[in-house]
1. So if each residue of separation counts as 0.36 nm, and I subtract the Cα-Cα distance between residue 250 and residue 227, what length gain in nm does that give?
2. Could you work out how much longer the chain between residue 108 and residue 208 gets when fully extended? Use 0.36 nm per residue separation minus the Cα distance between them, nm to one decimal.
3. Segment 241-312 to segment 136-170: how many Å between their Cα centroids?
4. Each residue of segment 220-236 in order: what ³J(HN,Hα) in whole Hz does its phi give by Karplus 6.51 cos²θ - 1.76 cosθ + 1.60, θ = phi - 60°, with x for Gly and Pro?
5. When the convex hull of the C-alpha atoms of segment 169-263 is computed, what volume per residue in Å³ does it have?
6. Please state, to two decimals, what the Cα-based radius of gyration of segment 73-161 comes to when divided by 2.2 N^0.38 Å (N = residues).
7. Starting from 0.36 nm per residue, how many nanometres of slack lie between residue 156 and residue 172 once their C-alpha separation is accounted for?
8. For residue 265 paired with residue 33, estimate the spin-label separation in nm (one decimal), with each label point 7 Å from Cα along the Cα-to-Cβ line.
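Each reported figure results from applying straightforward, stated rules to the coordinates on display, with no laboratory input. Please read all numbers here as calculations on a predicted model, not as lab measurements. No Cβ is skipped: glycine too gets one built from the backbone with ideal geometry, and neighbour counts run over all protein chains shown.
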Amino acid sequence: MQNIKRIFLTIIVFLFSINLLYSQRNIQTREYLDTTNAVFQDIYQLWKNYGDDMWSNNFFGTNIDTKKYWAESEIEKYGDGCNLHQLFAPNYFIFAEFFIGINKRNDTLYELQTSFHSNYTVTYDLCYVITVPVIKTKDGYKFTNEFSLNKKNLKKKKIDFVEFYYPKDYSLNKKRIKKTINKVELFAKDMGIKEIKPIKYYLQNTYTDILFSFGITTDLGDYCVADKINKGGRAYYQARLMTYTKGGENNIHEFIHILINDIRNNNNYYFFDEGVCSYFGDHIFLPYSFQVKKLKDFLNNNPKVNLSQDLTTAYKILNNEYTSDTIGQENNMKGWMTGDSINYSYIIMATICDIAFRQGGYDKVKKMIIDAKDGEEMYGVIEKHLGIKREDVDKYIRDFLNNTY
Ligand SMILES: [Zn+2]
């Protein structure tokens, strides 16, 4: 997952959970829309019900009847993961929604457009604008994915277990792909996965192009950094679909996300996954061997950061400010909010994976993947598998980094 977005979402989800007891899903339609129109009412109602269902599923664990909302073709292709917007706009339905409208494209195709806003920050008010194709079927209106409509214009190539999709002007680096696939196969073998089930892999020239092809018209995670090309990848394991910007042929991070899902055999995600993907793979297109040195320097420059207090946000204090003992962007956690190439919390998890691998190889890492937990509970997992008590975690990680890298 890409870092800027993740940090933003973490902050929002945190703020949101505080307000959960007092708030409800908030959806408004634009003024001057003809809401009495029959087509509008049918499609709008379908969309609203779907959002309400996702909201209750997320917070109260209720079931969603996917067939009620999604076209059969999408369910066939992506199963439970047929809502591909979640790839770039995970849990968008928790935000306040402002519904823009519906447009007719032809006799059977419509498009709805909607937007999501956060009520908690002033500067980043708009989070996403999403465009969703809607088709008219014999069972009424159903959602489909922009990607499914666009796919026919893409080039397609199958190499081993991977089905590649890329635009006509993209030059696929087949040599690199062969190497990457070998790495993935080796990792799978070492983790005891006998056969890798097919994975769809979409490559695009720019991050903005990827977003567009999934119907994300505007995304806060894009247009963040003015002087760097936005690079990144995502995996949506429910759909066995992954995507990378140009050059992604080198990376195995997103592949590992899908394989972790196969190891765990359910749809859970834990933050430890990012560590496994960054350790055996890469983080923001750079290897662990590079990122771990940055983490070492960061921790040495910031002795107040206490990893026994919190593994992922130890450096964060209230009001979204970050502790930093030294002045200067390089050592300031805010640095990576504005485009540094590293998300330290990913590499802290990767270091834990590193320690596990040195202690007990793939077998130990696999057991930790299966047992992984988020937040405070992760200390229990670390003590159980690595024999490090919570109060010793900070010193242990610091000593390990200084003695090893
Ligand atoms: Zn990731």
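1. Working: separation 23, 0.36 × 23 = 8.28 nm, distance 2.29 nm.
Extra length from residue 250 to residue 227 when fully extended: 6.0 nm.
2. On the way: separation 100, 0.36 × 100 = 36.00 nm, distance 2.77 nm.
Extra length available between residue 108 and residue 208 comes to 33.2 nm.
3. 28 Å
4. 4, x, 9, 6, 8, 10, 6, 10, 9, 6, 6, 10, x, x, 8, 10, 10
5. Normalising the Cα hull of segment 169-263 by residue number yields 113 Å³.
6. Details: Rg = 15.6 Å, N = 89, 2.2 N^0.38 = 12.1 Å.
Ratio of Rg to 2.2 N^0.38 Å for segment 73-161: 1.29.
7. Result for the pair: 4.7 nm of gain on full extension.
8. In this crude spin-label approximation the distance works out to 4.5 nm.
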